[in-house]
Amino acid sequence: MKKLFFLAFTIFFCLKITAQNNVHMTSFYDWNDKKAYYLVWDNKTGKSVQYYWNSNGNKWDSFEINLPAAPLPGAKGSIMMDVFYDDKDKKAYYLVWDVKTGKSIQYYWNSNATKWDSFEINLPAAPLPGATGDIGMKMYYDSNDNKAYYLVWDCNTGKSIQYYWNSNGTKWDSFEINLPASPLTK
């Protein structure tokens, strides 16, 4: 009986740990509000909740309106997210992508409509041709040249492509020269 109980407990514990591996977090700081924001999501479903510190209530509060519950329709792999805050236009931008395909959608808060909207023009559906592993992404905004940049890489090989917003062509373009195809090999 003790062995059966121990086996049941072990299986339950292992399942609980596996379920916990679905939770991911990232953060950003808004210098205008003087607040940190934390985005928490389930990488299997994409469901997310965003938190901020409520100094009046002395507790963490969550937003009433979060990203869509299924922010990346048709995702085939795990869903990852990244966020950055642009001081110039006082907005946070959220990048949501499928690690298997690289398909992504970028969201922003539309204060006129009081809802989350997605950009009409996103990175290419397959931003890293020939990727053999999961696809990673990181975005940032350079206030010196007023451009957004996206680094997309293959987690197996390190091969990467960097994209930038080409306002002349109103599209995402990739740089001709990127990091070495095997960046950890000298």
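Every number here is computed from the coordinates shown, using simple stated rules; none is lab data. These numbers come from a predicted model, not from an experiment. FYI the Cβ positions are ideal-geometry reconstructions off the backbone, even for glycines, and counts take in every protein chain you see.
Cross-link check: pairs Lys47/Lys88; Lys44/Lys138; Lys88/Lys159 evaluated at a Cα-Cα cut-off of 23 Å; pairs beyond the cut-off: Lys47/Lys88; Lys88/Lys159. Between Ala126 and Thr185, the C-beta separation translates, for a Förster distance of 25 Å, into a calculated FRET efficiency of about 0.50. Under a model in which nothing but the beta-carbon of Lys, Arg (+1) and Asp, Glu (-1) is charged, the chain shows a dipole of about 860 debye around its Cα centre.
Candidate values [x] 32, 26, 15; [y] 68, 15, 12; [z] 23, 19, 16 were compared with semi-axes √(5λ) of the Cα gyration tensor in Å computed on the shown model; the agreeing label is [x].
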